[in-house]
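A short worksheet on the structure shown next.
What follows is calculated from the coordinates using simple rules that are stated; it is not laboratory data. What you see is a predicted model; the values in this text were computed from it and never measured. Cβ: placed from backbone, ideal geometry, glycine included. Neighbour counts: every protein chain shown.
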Amino acid sequence: MNLYEYCPKKITTADDAVSKIKRGSRIFVGTGCGEPQHLIRFMVKDMSLQDIMVYQMLSFTLADFVDDPSFLRRFSLKLFFISKEMRKAAFEGKIDYIPAYLSQIPKMFYSHRIGIDVALIQVSPPDKFGYCSLGVSIDITRAGMSNAKMVIAQVNANMPRTWGDSFVHVDEIDWLVLQDEPLVESLPILTRYNEIARRIGHYVSQIVDDGATLQIGFGTLPNVILQFLDGKKDLGIHTQLITDSFIPLLEKKVITNKKKNHIPGRVVASLCMGSEALYRYVDNNPMFYFRSSEYVNDPTIIAKNDNLVSISSALEVDLTGQVCSDSVGYLFYSGIGDQVDFLRGSAMSNGGFSIVALPSTAQNGKVSRIVPHLSEGAGVATTRGDVNFVVTEYGIAELQGKSIYQRVMELAQISHPKFRDELVQFAKKRHYIFGDQLTPSQDDLMFLENYKTTYQLKNGKTIEFRPLLPSDEFNYRNFFYSLQDQTIYFRFFYRMKTFSHEVVQKHWASVDYRKNMSIIGLVQRGGYKEIIAIGSYAESESDLAEIAFVVREDQQNLGISSYLINQLETIAMENHYTGFTATVLKENFAMLHVFKKKYPDLKITTSSGSEVVLIMMFKAKEADIPDNA
Ligand SMILES: CC(C)(COP(=O)(O)OP(=O)(O)OC[C@H]1O[C@@H](n2cnc3c(N)ncnc32)[C@H](O)[C@@H]1OP(=O)(O)O)[C@@H](O)C(=O)NCCC(=O)NCCS
């Protein structure tokens with residue numbers, strides 16, 4: 001469409017357009033990288049504009065002016081989210097922050113709770129029917145402009161035309177300012193979290209299944225994690241914000257959107273912030289379906305996606321699971337944004353869940369981000385009732401359905417080793433946990449990842465094996481109570497009746513993952529994994545370790561302990577043991593059979609009463625045998 005023919009009277013210059021804004025107006029400005037920079041600059045320049053209230057989601061261009069006292073006398077900025085560029089101004093009280101769920105902001109405009117006099121937006125040139133595109137910012141921009149008394153649009157040929165609900169007819173716009181300029185680019189510093197992100201990415205990839213639909217929250221870390229999901233298959237996307245981090249996974253066809261049951265085949269989003277390359281990627285690309293925030297972020301819409309996994313970040317998490325993501329103490333740092341919308345939506349999604357990922361420390365390792373209590377002034381957007389998984393570079397804490405006691409143990413375990421004892425001591429003082437609770441190992445337990453395996457049983461079912469962790473206490477207890485008396489008797493040689501906190505502590509106290517080890521076997525039951533087997537070795541005399549197993553009755557004779565003995569032997573050898581010893585009841589034919597099968601040369605050293613003591617020496621691995629042997 002030729003605008004000069006269709007609506008010549010609407011076409012004007014920026015200074016003329018902003019001169020139509022009245023003193024005291026409430027102005028909505030388009031979001032983030034979609035903001036009309038040219039119009040903003042002219043608005044600030046026009047000295048007749050006084051006492052102006054600006055509402056915006058993510059603000060870049062105005063950050064150039066916030067240190068000027070005369071600007072601050074004329075403009076009052078109300079931001080729904082504090083961008084990196086505005087952070088200093090927020091700390092200094094130069095801008096104001098409106099805490100709100102993104103899904104709810106459009107309603108505030110439609111209901112006129114927040115009245116808008118003028119909307120400054122940016123659009124692509126119109127097509128032959130007169131439709132421009134809101135391009136990279138549909139989010140709250142559509143609602144902002146729809147409820148403004150006057151709409152001024154910068155028509156910029158660099159604004160991509162995006163698919164979905166992005167189209168605005170020129171009839172809906174009052175003034176058109178034709179001005180091309182590059183869009184704002186916003187690139188996260190992807191190298192910032194290198195090693196930490198790799199480790200967090202490793203853990204996150206363990207809980208995200210192929211075919212999941214992902215939401216990636218604001219911030220560098222969630223975006224960096226994406227690259228570590230490149231081993232997955234057929235991921236889908238339903239998210240607020242698209243960044244450059246999505247492109248490699250789209251190009252490698254890791255993201256196919258094939259398994260999405262809601263709007264299959266398409267990436268659903270409402271905002272795009274990144275490089276020029278990203279803007280060209282979404283331009284006229286039907287794979288992207290952009291809708292406004294009241295749709296994309298509506299938890300009931302999010303929940304229409306089965307297996308929706310929300311991955312977001314946080315500034316602090318306290319030991320009870322309260323998440324602070326918008327302030328550092330009293331300092332407002334970012335915003336509520338999309339976190340709560342997606343946590344709730346993922347909780348309602350069939351098979352869905354949420355992950356809050358954060359580095360375990362801040363300020364070069366000086367402070368822990370897993371904290372006994374949130375910093376003074378810190379706000380809670382995501383309550384302890386909303387949180388599912390918390391992941392740091394030290395592991396995964398699963399909080400849903402867990403008591404305060406369990407949460408403390410889960411979270412202390414994934415805090416930085418140097419803060420673990422402090423956290424546990426605080427929790428004891430506050431009676432969150434038992435007074436005799438042991439502090440989780442203060443080692444970096446990343447090496448335990450090598451001991452995580454899966455094994456297919458003779459009956460075709462798959463069992464997961466991993467080292468026992470302190471947070472397994474309840475699961476461990478339930479396992480023992482699920483066993484029959486005979487099984488307990490075979491394992492402990494007497495009819496042990498209670499597996500109390502003290503008993504479990506005693507077992508766990510001995511596990512150092514080197515000289516003393518316990519591997520558990522887990523099966524999935526609904527959304528929960530239950531222990532069905534434990535194999536342990538513990539330091540015995542000289543360089544021998546004493547080994548013992550217990551397998552739940554319904555899983556016996558399927559090869560579990562035969563598998564576990566191999567695993568335990570490998571770990572024991574790494575820890576310089578040369579063999580196993582075991583005390584077995586003479587009538588325990590199954591156990592004796594397993595040992596004899598693995599160690600045909602085993603020696604019976606003592607045979608008294610009903611028990612035998614076995615010595616089973618490891619065979620040196622071929623690589624360990626010297627050539628001249
Ligand atoms: C002993 C125990 C750990 C074995 O675990 P499991 O996972 O069932 O063991 P596996 O399936 O790997 O192997 C069991 C083997 O014993 C054999 N077996 C079972 N009952 C047997 C019997 N009465 N006589 C001879 N062999 C028997 C099975 O056929 C199988 O051999 P295969 O692999 O050659 O077919 C398990 O039965 C258990 O938990 N028992 C109670 C606790 C206990 O006894 N602990 C040992 C303390 S040291």
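With viscosity set to 1.306 mPa s and temperature to 10 °C, compute the Stokes-Einstein D of the range 298-378, Rh being the Kirkwood radius across alpha carbon pairs; µm²/s, no decimals. Could the numbers behind the result be given before it?
Values: Rh = 13.5 Å.
Estimated via Stokes-Einstein, D reaches 118 µm²/s.
For LYS88, put the label point 7 Å out on the Cα→Cβ axis and report which residues of the range 330-371 keep their amide N under 18 Å from it. Under cut-off, by backbone N: 331-334. May I ask for the distance between the Cα centers of the range 62-131 and the range 162-181, given as a whole number of Å? Here the answer is 19 Å between Cα centres.
Please identify the DSSP H helices in the chain that span no less than 18 Å along the helix axis (Cα) and have a mean Kyte-Doolittle hydropathy of 0.0 or more. It would help to have the intermediate numbers written out before the result.
Numbers: long enough: 194-207 (20 Å, -0.41); 417-429 (19 Å, -0.99); 560-574 (21 Å, 0.48).
Those that clear 18 Å and a mean of 0.0 are 560-574.
Taking the dipole about the Cα centre of the chain, with the C-beta of Lys and Arg at +1 and of Asp and Glu at -1, give me whichever of ILE531, THR583, THR453 is farthest to the positive side. Going by the charge dipole, the pick is ILE531. Here ASP165 and PHE474 are evaluated by their C-beta separation; at R0 = 45 Å the FRET efficiency comes out at 0.45. For the pair LYS128 and LEU438 in one chain, pulling the backbone fully straight at 0.36 nm per residue adds 104.5 nm over the alpha carbon distance.
With the simple model of a label 7 Å out from the Cα in the direction of the Cβ, ASN284 to ASN158 spans 1.9 nm.
The aspartates and glutamates whose alpha-carbon is closer than 20 Å to the alpha-carbon of LYS259, local same-chain residues fewer than 8 away aside, are ASP209, ASP210, ASP230, ASP234, GLU251, ASP306. Between the C-alpha center of the range 533-563 and that of the range 257-327 there is a gap of 45 Å.
Residues within the reach of a label modelled at ASN350 (point 7 angstrom out along Cα to beta-carbon, backbone nitrogen below 20 Å), restricted to the range 260-276, are 260-266, 268. For the range 362-398, which GluC sites (Glu not before Pro) are in a loop by DSSP, counting at most 15 other Cβ atoms within 10 Å? Here the sparse-neighbourhood loop sites are GLU376.
Computed FRET efficiency, Cβ-Cβ of GLU276 and ARG384, R0 45 Å: what is it to the nearest 0.05? Please report the intermediate quantities before stating the final value.
Numbers: r = 42 Å, r/R0 = 0.93.
After rounding to 0.05, the efficiency reads 0.60.
With N as its number of residues, the range 194-429 has a Cα radius of gyration that, divided by 2.2 N^0.38 Å, comes to 0.99. Counting every other Cβ atom within 10 Å of each residue's Cβ, ARG73, ARG407, ARG466 order from fewest to most as ARG73, ARG466, ARG407. The magnitude of the dipole of the range 3-178, with charges of +1 and -1 set on the Cβ of Lys/Arg and Asp/Glu and taken from the Cα centre, is near 340 debye.
Report the charge-dipole magnitude of the chain in Debye, nearest 20, computed about the Cα centre from +1 at each Lys and Arg Cβ and -1 at each Asp and Glu Cβ. Before the final figure, lay out each step's value.
On the way: 67 positive and 71 negative charges, 204 e Å.
Using only the charged Cβ atoms, the result is roughly 980 debye.
What fraction, in whole percent, of alpha-carbon pairs in the range 196-279 exceed 22 Å separation?
On the way: 588 of 3486 pairs.
Pairs farther apart than 22 Å: 17 percent.
Annotation note: chymotrypsin sites (Phe, Trp or Tyr not before Pro) in the range 103-199 located in DSSP loop regions with a Cβ neighbour count of at most 14 within 10 Å are PHE129. A Stokes-Einstein calculation at 20 °C with viscosity 1.002 mPa s, built on the Kirkwood radius of the chain over Cα pairs, returns a diffusion coefficient of 78 µm²/s.
Here the label points at MET617 and LEU187, each 7 Å from Cα along the C-beta direction, are separated by 6.2 nm in the simple model. Scanning residues 5 or more positions from GLY274 or on other chains, those with amide H under 5 Å from its amide H are SER186, with H placed 1.01 Å from N in the peptide plane. Between PHE493 and SER19, the modelled label-to-label distance comes to 10.0 nm, taking each label 7 Å out from Cα in the direction of the beta carbon.
For the range 429-513, the square roots a ≥ b ≥ c of the C-alpha gyration tensor eigenvalues yield an a/c of 1.5 or more together with a/b not exceeding b/c, which makes the shape oblate. Between the alpha-carbon centres of the range 581-595 and the range 380-443 there is a gap of 39 Å.
With neighbours defined as other Cβ atoms within 10 Å of a residue's Cβ, the residues HIS501, HIS373, HIS38 order from fewest to most as HIS373, HIS501, HIS38.
Could you list LEU558, LEU176, LEU457 so that the one with the fewest beta carbons within 10 Å of its beta carbon is first and the one with the most is last?
On the way: LEU558 19, LEU176 24, LEU457 16.
In order of increasing Cβ crowding within 10 Å: LEU457, LEU558, LEU176.
Cross-link check: pairs LYS233/LYS304; LYS529/LYS586; LYS107/LYS128 evaluated at a Cα-Cα cut-off of 23 Å; pairs beyond the cut-off: LYS529/LYS586; LYS107/LYS128. Partner lysines whose Cα lies under 24 Å from the Cα of LYS619, excluding those fewer than 8 positions away in the same chain, are identified as LYS452, LYS515, LYS596, LYS597, LYS598, LYS603.
Please give me the summed charge of the neighbours of SER275: other residues whose Cβ is under 12 Å from its Cβ, Lys and Arg +1, Asp and Glu -1. Present the calculation step by step, with values, prior to reporting the outcome.
Working: positive: ARG280; negative: GLU185, ASP244, GLU276.
Net charge around SER275: -2.
Fully extending the segment from LYS107 to ARG525, taken as 0.36 nm per residue of separation minus the present Cα-Cα distance, adds 146.4 nm.
Over the residues of the chain, the helix contribution to mean residue ellipticity at 222 nm works out to -7500 deg cm²/dmol, using -39500 (n - 2.57) for each DSSP H run of at least 4. Evaluated with a Cβ-only charge set (Lys, Arg +1; Asp, Glu -1), the range 194-429 carries a dipole of roughly 440 debye about its Cα centre, given to the nearest 20.
For the range 445-624, what does the equivalent ellipsoid look like in terms of its semi-axes, each the square root of 5 times an eigenvalue of the Cα gyration tensor, given largest first in whole Å? Before the final figure, lay out each step's value.
Numbers: eigenvalues 110, 81, 58 Å².
Equivalent ellipsoid semi-axes, largest first: 23, 20, 17 Å.
Please pull out the direction-averaged projected area of the range 353-506, using the convex hull of its alpha-carbon atoms, in nm² to one decimal place.
Convex hull of Cα atoms, orientation-averaged projection: 11.8 nm².
Averaging the sequence gap over all C-alpha pairs within less than 8 Å and six or more residues apart, then dividing by the number of residues, gives the chain a relative contact order of 8 percent.
Of the GluC sites (Glu not before Pro) in the range 533-629, the ones in a loop by DSSP (not H, G, I, E or B) with at most 16 other beta carbons within 10 Å are GLU541, GLU587.
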